[in-house]
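Enquirer: After the structure tokens below, expect a handful of questions from me.
The values are calculated or read from the model by the stated rules, or taken from the named source; none is laboratory data. No experiment lies behind these values; they were computed from the predicted model shown. Counting neighbours? That spans all protein chains shown, and the Cβs are built from the backbone with ideal geometry, glycine included. Heads up: the accessible areas ignore ligands, DNA and RNA and are worked out on the full protein's heavy atoms, side chains in. Shrake-Rupley method; radii C 1.70, N 1.55, O 1.52, S 1.80 Å.
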Amino acid sequence: MPSAARRRRRLRVARKPPSRRKLGKGGDVRRPARRPVPDAQNTESGPVRTCVGCGSRRPQMELTRFAVGAGGAIEVDRKRRLPGRGAYLCGAGCLTAALKRKAFGRAFRGKAGQVDPSQLGQAWEPGVGERRGAGGSGC
């Protein structure tokens, strides 16, 4: 059985407030790491989206949007007006990667039906797109 003096000493040590300063080598105060400041050329105005095929982050206007249409079929959303969740791709190469990884099922949280690769592949054929710069570059 510990004596009363030992118990009081133990309680005093336990109640001691933690130190506010964290000292590093040489007595310097450690500061939290700062996030790197983005370069002026890397900051794009507008939303940034992730390609479901390769995972690269790009401005939304550079990617092609796909959405679930009527009956659960995946459609190319050129005007970006279809309701619901959207999945974005950079190019035709990313389409094959997304199909291989079954990324459309995850992106649409299981709401998409069967994926027809031939129909989705038509999004990058010449003359089909309304905007020439959207999604044709690939990764």
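Enquirer: Output the residues belonging to segment 70-96 that are in a loop (DSSP other than H, G, I, E, B), farther than 12 Å from ALA107 by Cα and open to solvent by 20 Å² or more (accessible area, probe 1.4 Å).
Expert: Step one: list which residues in segment 70-96 are in a loop (DSSP other than H, G, I, E, B), which gives 73, 77-85, 90-91.
Among the residues that remain, those that are also farther than 12 Å from ALA107 by Cα are: 73, 77-83, 90-91.
ALA73, ARG78, LYS79, ARG80, ARG81, LEU82, PRO83, listed by residue number.
Enquirer: Is it true that some residue in segment 98-109 is touching a Pro at 6+ places or on another chain (Cβ under 9 Å) and not hydrophobic (A, V, I, L, M, F, W, C)? Outline the logic, then answer.
Expert: Taking segment 98-109 and keeping what is touching a Pro at 6+ places or on another chain (Cβ under 9 Å), we get 99.
Then drop every residue that is not not hydrophobic (A, V, I, L, M, F, W, C), which leaves none.
Scanning segment 98-109, I find no residue that is touching a Pro at 6+ places or on another chain (Cβ under 9 Å) and not hydrophobic (A, V, I, L, M, F, W, C), so the answer is no.
Enquirer: Give the number of residues within segment 106-123 that are part of a helix (DSSP H, G or I), exposed (fewer than 15 other Cβ atoms within 10 Å of the Cβ) and among the small types (Gly, Ala, Ser).
Expert: So the first thing to find is which residues in segment 106-123 are part of a helix (DSSP H, G or I), and the list is 106-107, 117-123.
Imposing the further condition that a residue be exposed (fewer than 15 other Cβ atoms within 10 Å of the Cβ) reduces the set to 106, 117-119, 121-122.
Next cut, among the small types (Gly, Ala, Ser) only: 118, 121.
The total comes to 2.
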